[in-house]
Structures are given as structure tokens and as C-alpha cells.
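Here's the structure, in C-alpha cells; my notes come after.
Where a number appears in this text, it was derived from the coordinates with a stated rule and is not lab data. Just so we're clear, the structure is a prediction, and the values are computed from it rather than from any experiment. Glycine gets a Cβ as well: all are built from the backbone with ideal geometry, and neighbour counts include every protein chain shown.
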Amino acid sequence: MTRPHLKPLLIVLSLFVCPPALAEGARDLFQTSSAQIVQVLIIEAASDKKAAIGSGFHVGEAGFIATNFHVVSEAIHEPQRYRVEVLDASGEQVAAGIEHFDVVHDLALLRVPDAEAKPGLVIAEGALTKGETLYALGNPFDLGQTIVPGTFNGLLETSFYQKLLFSGSLNPGMSGGPALDEQGRVVGVNVATSGNQISFLVPVQYLQALLERRMMGDRLHAEGYEAEIGRQLLEDQEYKYALLLNLEWPTQTLGGARVGGDISDYFKCWGDTAEDDDLLYTLTESTCTSQDSIYISPRFQTGAIDYQYSWAESDALNDVRFSAFMTQAMGSMYTRNPATDKDVTNYQCRQAFVGEADSAEGKWRSVLCVRQYLAYPALYDVLYLGALVGRARQGLSSHFALSGVTEANAREFLDKFMGLQAWDS
Amino acid sequence: MGFVIEITSRSGRVDERHVFARPTARVGRAYDNDVILADPYVGPHHLQISNDLNGLSVEVLDAAAHSHKGHQALGVGRTSIASGSELVIGRTHLRVYASNHPVPPAQAFERLDQWITAATQPFAVAVCVGICLLVTLGSAYLSSYHTLELEDVLLGALSTLALAGGWALIWSLVTRVSRGEPRFFQHLLAALGYVLVSTLFDWVVQVAAYNAGSVGVRQTLNYLANGISLALLLALSLRIAFAQGFWVRQAFAHGIAWSVVAYTVLTTMSFERFFESAPDFDPTIMPDALHVAGSESRSAFVDEAQALFVFPDADTDTEAGPNELPSGVD
């Protein structure tokens with residue numbers, strides 16, 4: 001006699017039981033690799049207690065320990081206040097120095113001074129196959145070493161900085177730990193999670209490049225950390241904006257206006273229309289955001305590019321009331337960089353009317369605001385907000401926010417962005 | 001020869017007036033005096049005032065009691081005084097006039113007072129309240145882009161009127177003390193005028209700021225508009241509350257009003273600009289018909305943007321700029 005009601009229960013139960021091969025693989029990998037995994041501790045000098053934790057791993061033959069930039073960022077920004085220590089599988093905790101880092105790809109190299117070079121994990125070569133089983137190792141929540149199986153689900157294509165999509169659970173404290181293939185070779189570095197088994201790994205080629213740079217003698221000292229961050233940010237934004245500004249930016253129609261379309265796959269674009277019987281206007285919005293931001297410190301993230309268009313029209317409002325609505329629509333703009341006065345200046349803004357009402361491009365009420373990075377003075381956060389005015393009860397507002405951009409790139413972006421938009425006659 | 005004794009307040013307001021046709025009158029606490037005072041610091045038979053062939057004089061009868069003419073202490077005996085002299089006995093202020101003391105001609109109402117008096121007729125006040133209500137409602141309507149609930153808008157307008165009424169009530173209490181009459185409607189009129197002027201200024205500032213395109217201009221205009229309308233209200237309220245005719249009081253009224261406003265404007269404008277995570281700009285959009293300022297080309301806007309990237313006061317704390325080689329590289 002069949003019992004159909006038990007079938008779903010069995011299916012659910014089967015999800016909680018690891019396939020024997022997977023469990024065996026994890027056990028073997030853990031046994032062979034755990035000696036190379038360390039916990040990275042950031043020790044606050046005054047209290048002599050840990051202020052942050054993460055993971056790391058010995059890599060290559062030269063005794064380097066790889067981890068994430070964001071794990072050791074406090075020691076990079078305030079080396080007098082914080083120091084780095086590593087705790088290995090045997091329970092030995094020793095001080096480590098920061099040898100180099102890649103702020104853009106969130107990597108750092110550590111080394112224990114005067115320690116005997118310990119053979120590290122081997123870096124994998126060749127491309128991964130989608131669906132391949134990977135194992136992430138680390139120290140989640142300071143609970144001890146853990147191995148987490150998961151699946152490689154391809155490269156994150158819509159990103160300036162490649163990342164591996166790992167369908168497994170990364171938890172706080174595992175950042176900087178390795179992700180291994182079934183042969184125990186490093187294929188990525190744990191870096192971020194969006195929850196629900198959606199996690200991200202830094203591809204191993206960036207770690208390889210960093211190691212090669214360090215092996216060629218390029219070693220940092222504490223006094224050069226900030227300058228190196230600035231240099232890397234500058235180099236990265238030059239690459240990124242050269243790529244963007246050389247693209248042909250498409251246009252599209254939004255309401256009665258012509259606006260910029262999806263510039264590239266690096267942006268995720270969303271749209272919505274507020275249209276309700278209670279509303280006296282129609283508002284159609286299109287928002288595009290870049291998927292990356294570069295972590296500098298908990299209160300300072302840069303590198304994001306966002307742009308937005310809002311088309312508004314109304315039959316029910318008179319000119320004055322429609323203007324009040326547009327005023328509200330122009331009301332605020334901001335970047336995703338939560339920087340404070342320790343990191344950036346106040347904004348300087350300039351407002352002007354641009355263009356003529358009877359021209360094809362229309363007349364714009366434009367605002368441009370700029371603030372400078374204190375530690376990296378060639379870089380700025382730049383905000384633009386424009387309202388296309390001059391027609392009764394119709395209007396467009398357009399906005400962009402650039403984080404960590406040079407003056408030249410910002411102005412070129414501004415010119416190109418403003419040139420796209422016009423009344424759609 | 002007759003004379004008049006006025007009992008006044010410390011500020012000079014006449015509380016009692018005693019007219020004598022005979023040449024002498026005695027002042028004190030005792031009930032057989034011609035002027036009986038209830039001041040415990042005054043002697044039972046304190047002094048005697050005479051107006052005879054020798055003119056006006058005062059004779060202190062009680063040596064122990066306190067008697068002054070201006071700042072001069074009066075001893076026992078007779079002292080000549082001029083018509084209009086002020087005496088202080090105990091804590092009571094007296095003013096003594098000869099019967100033939102010249103009286104200045106009647107003071108004419110100033111034009112502003114005439115207007116205020118005319119406008120404080122019940123019908124005129126009702127019209128002013130109506131206008132104020134309409135302007136407040138109209139302003140709320142034009143500033144809104146949602147479906148308006150009449151109830152909410154009315155409530156807003158009535159709150160404004162209630163505030164004006166509150167202002168008038170407080171000032172009428174002050175006026176009741178200083179002038180003996182509340183003049184509530186005059187104060188209400190002043191407060192309604194303030195509501196109208198500040199609403200009008202608000203729209204003027206919006207149009208000016210839209211054309212100027214600068215947060216600084218908008219803030220300055222706002223401070224000025226608020227300052228001027230508040231100063232006018234204060235000056236008017238003080239003028240209504242205190243008796244006119246003395247330039248000292250005029251200066252007092254205007255001095256207080258404009259000092260308060262100047263203090264407010266200066267302290268507001270001298271605020272240190274703190275760090276703001278969002279930019280400060282003026283988002284005002286107005287109908288195109290109200291745009292009278294010029295426009296610039298896109299290339300000019302992009303060129304002018306250059307100046308925004310100069311931060312002379314930036315506290316850049318790195319010695320090596322990002323374009324330079326990091327000093328820690330070996």
C-alpha cells in the first residue's frame with residue numbers, strides 16, 4: 001500500500017542528508033587543509049583585546065597568508081591603534097605584518113615575521129565549471145574552523161570586478177578564508193554574502209597577481225598604506241571610466257523625454273510608475289546602479305556609479321502646483337558612500353539654468369555638487385541633479401552619483417550624461 | 001491762587017488728581033489732611049503745599065519722613081518749587097501744578113494711528129481675518145501637489161489665525177497694564193498683517209531664489225524677509241502697547257524690535273557650517289513664466305564646474321598624494 005503523503009516528507013528529509021561522496025570530500029579536504037587555515041585577529045592596542053576577526057590561509061611557498069582587505073582594514077588605517085595577529089590550527093597566536101593589499105578586489109597579504117616559511121595551499125589554474133562543488137573554509141562567528149560545501153554558479157557578469165558566485169553559506173568571520181575545489185586547490189577567497197546561500201568569492205587570479213607583485217619585491221610599510229590605497233583607487237577609476245566613456249551610450253524614451261538607456265551590463269536597471277487614483281500626477285522612474293563598491297573602511301565605501309531619471313506629468317495640477325511637485329522631486333540627492341567628516345569635505349554646489357526652453361535639448365535647472373576625499377585628494381564624490389523645465393505640467397528630472405572619481409572623468413561623464421537628454425519631440 | 005496735585009505712578013501715569021482753589025493743602029496719612037495717602041512710608045502730616053503771592057512752595061512738616069524733589073532731599077521748612085515739579089514722599093510720587101500752568105495744544109493722531117484706529121472697527125477686523133484666511137488657504141493650496149482635504153487645509157489656516165490671536169492676547173495684557181486698555185483688535189490686526197506679509201515674502205523669496213539659483217541667496221533673502229516682517233510686527237506691537245509722544249519711547253519700541261531682529265539674523269547667519277552628508281542646494285522649481293534670469297550653454301556649465309573641484313580649506317592629511325609613489329614601497 002502506497003503512502004503518498006509521506007513522499008514530500010522523504011524529499012524534504014533527503015535535503016538534510018549530505019550525499020556520502022560530498023561528506024567524504026569535505027572530511028578529507030578539511031583534514032588536509034585545516035593546518036593552512038588561520039584565524040585573523042585585529043587586536044586593539046589599548047585594551048589588548050580583539051576588535052575584529054576574520055579568516056586567512058597560507059598560500060604558496062613563500063610563507064604568505066592571504067585574507068581580505070576589509071578584515072585588516074582597521075590595522076591599515078590606524079596601525080598605531082590596531083595590530084594584526086594570526087591564530088593557527090595548533091592554537092599558536094603570533095603577530096603578523098601587512099605585506100601588500102589590493103583594495104579594489106578586497107585582498108591582503110600578511111606574513112609572520114621571522115617565521116619559517118610554511119608550505120601553503122596551491123592556487124588552482126584553469127577555469128571552473130558551473131555546478132562544480134567547492135568548499136569554503138573559515139572561522140564563522142569565532143566558533144572554530146568550519147568547512148562549508150557549496151556549488152560554483154558562474155562569474156558575476158554584471159560587475160566591474162569579477163566575483164565567483166558560490167551557492168553555499170558564508171558567515172561573518174569566514175571572510176578571507178579559502179574556497180577550495182575538490183582537489184584542495186584554492187579557487188577563490190571568501191568575501192561577501194547576500195544570505196540564503198548566495199555568497200561571493202574573489203577569483204584567484206587577483207590573489208595570484210598580488211602574490212607576484214609582492215614576490216617582485218613590492219612591499220608596503222605602514223606609512224605608505226594610504227598612498228597605496230589612493231594609487232589603486234585612482235588606477236581603478238581610470239580603467240572603469242575609460243571603459244564607460246568609450247561606450248556608445250544608448251538613449252530611450254521616458255514619457256515625453258529622451259533619456260539615457262542602459263549604459264552597460266555593469267549596471268542593474270529598475271523601473272516603476274507611481275500611478276494611483278489618489279495621485280494628481282504620474283511619475284515614472286528608471287534607476288540604474290552599478291553592482292560594485294570598494295570597501296575602504298566601515299564608514300567609507302567608494303566606486304559606485306548610479307543614475308536615475310524621473311518623468312512627471314499631470315493634468316490635474318496647475319502650473320504652480322506642478323512646480324511644487326517638481327521641487328519636491330528635486331529635493332534630495334546622495335551617494336552610497338556613507339563617509340563622514342573624517343573622510344570627505346562638505347559638498348560644494350553650483351546651480352544654473354542650462355540651455356534654452358525653445359531648443360530641442362530644452363532648458364535645464366541643473367545642480368552639480370562635489371566633495372573631495374581628504375586622504376585621496378585627487379578623488380571626489382560628484383552628484384548631478386537636473387530638471388527639464390519650460391513645459392506646462394510636464395517635466396523630467398535626471399540624476400547621477402559618482403563615487404571616487406577624478407575631476408576630468410567627472411566632467412566628461414557630466415557632459416556626456418547631459419547631452420543625452422532632451423524633450424522627445 | 002489755586003493749584004493741582006497729581007498722584008502719579010513711577011512711570012508718570014496720573015492715578016489721582018486733586019484740584020484746590022484755596023492757597024494751601026496738607027498731604028499725609030492722617031484723615032484730617034486735604035490729600036490722604038495710604039502709603040505707610042508717608043508721615044501722618046507729611047507736608048503742606050502752598051500757592052500764594054510768593055509762588056508755589058512746599059513745607060515739610062514731618063522731619064523723620066522721606067521727602068525728595070527730584071534727587072534733592074527736602075528738610076523741615078519751606079522750599080519754593082516750580083509749577084510741574086515732581087515730589088516723592090515715602091513711596092508716593094506727586095506732581096504739583098499752579099492753576100495757570102500752560103497746557104500744550106492737543107496732540108494730533110499720527111497717520112498710522114488713524115489707520116489702525118479706523119481698521120479696528122469690528123467690520124474691518126472681520127474683513128482682515130477673511131483676507132488672511134483666504135491668503136493662507138491659497139498659499140497652502142498652491143504649495144501642495146496632493147489631493148487636498150478641506151478639513152486639513154482649514155485646520156492649518158485656523159491654526160495660523162489662532163497663533164495670531166494668541167500673539168494679540170499676550171500683547172493686549174501688556175497694553176492693559178501699560179495703558180489701562182487692552183487694544184486687542186489693534187494687536188490682532190498687527191499679527192494678521194504679519195501673517196500676510198510673511199506669506200507674501202515667502203513667495204517672493206521663492207521666485208527670487210529660483211532665478212538666482214543659489215542656496216546662499218535663498219538663505220539671505222529668507223533671513224531678511226523673516227527679519228523685516230518680524231521687526232515690523234514687534235515695532236507695531238510695542239507702539240500700540242506703550243503711550244506715544246515721547247521720542248524715548250519711540251526709540252525704545254523700535255530699538256527693541258530691530259535689536260531682536262538683528263540679533264536673530266546675525267546669529268543665524270554666523271552659524272558654523274557643520275558636516276553634512278548630503279549637499280545643500282536650492283531645489284525650487286517655478287513655472288517658466290517666472291524665470292527671468294539668463295541661461296548658459298551645456299559646455300559653459302561643464303567648464304564652470306572646474307571651480308567646484310577646488311577645495312582651498314580641505315584638511316587633506318596625507319603627505320603623499322595618490323599620484324605620487326607610495327613612500328612605503330621598497
Report summary line: Going fewest to most other Cβ atoms within 10 Å around each Cβ, A:Leu220, B:Leu134 line up as B:Leu134, A:Leu220
Report task. Over all alpha-carbon pairs of chain B, lay out the pair-distance distribution in 20 Å bins, whole %, shortest bin first. Result -> 20, 34, 25, 15, 5, 1
Requested in this report: Calculate the length of the line joining the C-alpha centroid of the range A:199-239 to that of the range B:185-262, in whole Å.
Outcome: 62
Query raised in the report: Which value at 222 nm does chain B reach when only helices count, each DSSP H run of 4 or more adding -39,500 (n - 2.57), with the total divided by all residues and rounded to the nearest 500 deg cm²/dmol?
Result: -15500 deg cm²/dmol
Query raised in the report: Average partner chain C-beta neighbours within 10 Å, per residue of A:370-378?
Result: 6
Query raised in the report: How many Cβ atoms of partner chains, on average, are near each residue of B:209-217 if near means within 10 Å of its Cβ?
Result: 3
Report summary line: The pairs in A:Lys363/A:Lys416; A:Lys118/A:Lys240; A:Lys50/A:Lys342; A:Lys50/A:Lys240; A:Lys50/A:Lys268; A:Lys342/A:Lys416 lying past 27 Å Cα-Cα in this model are A:Lys118/A:Lys240; A:Lys50/A:Lys240; A:Lys50/A:Lys268; A:Lys342/A:Lys416
**Report entry** Sequence of B:Leu173, A:Leu156 once ranked by neighbouring C-beta atoms within 10 Å, starting from the fewest
**Finding:** B:Leu173, A:Leu156
Requested in this report: Taking the Cβ of each residue in A:Trp364, A:Trp423 as the centre, tally the other Cβ atoms inside 10 Å and list the residues starting with the fewest.
Outcome: A:Trp423, A:Trp364
Report summary line: So, for the Cα atoms of the range A:339-409, Rg and Dmax in Å stand at 15.0, 46
Report summary line: With the 8 Å Cα cutoff and a minimum separation of six or more residues, chain A has a relative contact order in percent of 11
Report summary line: antiparallel share of DSSP beta bridges within the protein assembly as shown, to nearest 5, in %, is 95
Query raised in the report: Taking only C-alpha pairs under 8 Å that are 6+ residues apart, what is the relative contact order of the range A:101-154 in percent?
Result: 27
Report task. Divide by every residue of chain A the summed helix terms, -39500 (n - 2.57) for each DSSP H run of at least 4, and state the resulting mean residue ellipticity at 222 nm, rounded to the nearest 500 deg cm²/dmol. Result -> -7000 deg cm²/dmol
Query raised in the report: Once you list every other residue whose beta carbon is under 11 Å from the beta carbon of A:Phe267, what net charge do they have if Lys and Arg are +1 and Asp and Glu are -1?
Result: -3
Query raised in the report: What is the average number of partner chain Cβ atoms found within 10 Å of a Cβ in A:319-331?
Result: 6
